[in-house]
Amino acid sequence: MNPPIRSPLDELGLNLTRRRFFERGSHLLGGAALATLAAQESGAAAVGAAPAIDRVPGAIGPHFAPKAKHVIYLHMVGGPPQQDLYDYKPVMDDWYDKDLPESVRNGQRLTTMTSGQKRFPIAPSIFKFARHGQCGMWVSEVLPWTAKMVDEMCFIRSMHTEAINHEPAICYMQTGNQIVGRPCLGAWTSYGLGSLNADLPTFVVLVARSSKPEQPQAIGARLWSSGFLPGEYSGVSFRSAGDPILYINNPPGVATDVRRATLDGLQALNQRALERTGDPETRTRIAQYEMAFRMQASVPELTDLASESAATLALYGPDATNPGTFANSVLMARRMVERGVRFVQIYLNHWDTHANVVGRLRNGGKDIDQPCYGLIQDLKARGLLDDTLVIWGGEFGRTVYSQGGLSKENYGRDHHPRCFTMWMAGGGAKGGTIHGETDDFSYNIVRDPVHIRDFHATVLQLLGFDHERFTYRHLGLDQRLTGVEHARVVTELLA
């Protein structure tokens, strides 16, 4: 039997006040008591391992004991070129400046940026590769720090998607749908697992700053929206410069007790509106105002790095104390999960490599390489890696053929949805795994494909959820992150 599903009407019922309960006179106490007993009985039957699962009040709760209790998701906006980082294709050296065979492309869709090209000249990676670790993973020279920890990482070289342009592709990767308006993975996690720290948001978003930005893509709140879930499950965006949260500090001349009194007045008005209408969003507003007040104390402590040792800061690299950098962002992510934040999403632009792949990757590698290594090692040293899932990847891959001019020193790559590489570490992911394989052109998958739906199902599995049963009633349907098409948990990725 599936766990009870909260619909908007269920949420409304849960939020009715006692005064409104008796005022309406349409509720039978006997029926309510019977329903409560039935819900308790069915809930116990639905989750056989319930006594062994830590449940947070107000959360749906997992279907089974989760391996990951936190997620740090590092999204490389723009689509990193897999053949220049992790998908080694030495055969391409012999194909330099030769046209991509039609038998490889096989009529697949192209973007308008290259569909008009007269030729599709193959651009082998300029970077040297070497095998590392006991697993023998090939890693580019661009990522020397990452190469040191491949046996702690789980590589998926056969990711694929239908989306070929950034907006729908990023949306697809984050929400399971190419159309905006649905809950993202972080919102689903918040809804399912709940908060571990009442003084910090359950789901936090950071937009890191590239050291040498080129061709940035739009990043906005649509990507961390709660969609049709209640608004309280949306991500809270922390700023990369100035106060982490706007107006986190009291205005000059306004004491904390004055701010408290002002908030109490607003809460009283909102409470009256809630009693009158029963609107769940009003309840969300009340809760968020209280959260904002508590964050005035918790956020300054969170963002103060004075307690971090010199050795820890050195682990993340020279930019660790520079606000807004990727190194600083992943250090903050570790501090957040240490304090109970469930889901931290970090976005980093810089990876839309239509030109200047060589320059862009050298700079991008410096931005992410040591910080990623530092994050994994720091989590591990603190005993946090076992239950913190770290995810790295973009929204699609890049083409083996060059967009625009090609030379031995540089080239460009267009969008490619048919194959790309992602990795995971910790949180129940199987370290030292190399899953999936592409052809010699890094153009088509030849073994063990993993669709975005499969990836989401696998992440939810690590978080303790059966993706087919983890639903929310909306517009008369039991909506889920993985949608209605077939999705499978990739068990080969699980420890």
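All of the numbers you see were taken from the coordinates with simple rules; none came from a lab. Since this is a predicted model, take the numbers as computed values, not measurements. Here the Cβ is made from the backbone with ideal geometry for all residues, glycine too, and neighbour counts use every protein chain on show.
What is the fewest-to-most order of W95, W392 by other Cβ atoms lying within 10 Å of their Cβ?
The most exposed by this proxy come first: W95, W392.
Using θ = phi - 60° in the Karplus curve 6.51 cos²θ - 1.76 cosθ + 1.60, the 3J(HN,Hα) couplings for region 143-157 round to 10, x, 6, 4, 4, 6, 10, 4, 6, 9, 10, 10, 9, 10, 9 Hz; x is entered for Gly and Pro. Only Cα pairs under 8 Å and 6+ residues apart enter the sum, and on that basis the relative contact order of region 353-495 stands at 20 percent.
Charging the Cβ of each Asp and Glu at -1 and of each Lys and Arg at +1, and nothing else, the dipole of region 289-446 about its Cα centre rounds to 40 debye. Rg of the Cα atoms in region 66-132, relative to 2.2 N^0.38 Å, amounts to 1.54. For T262, T146, the sequence from fewest to most other C-beta atoms within 10 Å is T262, T146. Over the C-alpha atoms of region 412-495, the Rg to Rh ratio, Rh being the Kirkwood estimate, stands at 1.04.
Shown here for region 382-453: GluC sites (Glu not before Pro) in loop regions (DSSP other than H, G, I, E, B) with at most 10 other Cβ atoms within 10 Å, namely E409.
Starting from region 78-133, pick out the trypsin sites (Lys or Arg not before Pro) whose DSSP state is loop and whose Cβ has at most 13 other Cβ atoms within 10 Å. Filter output for region 78-133: K98, R109, K118, R119, K128.
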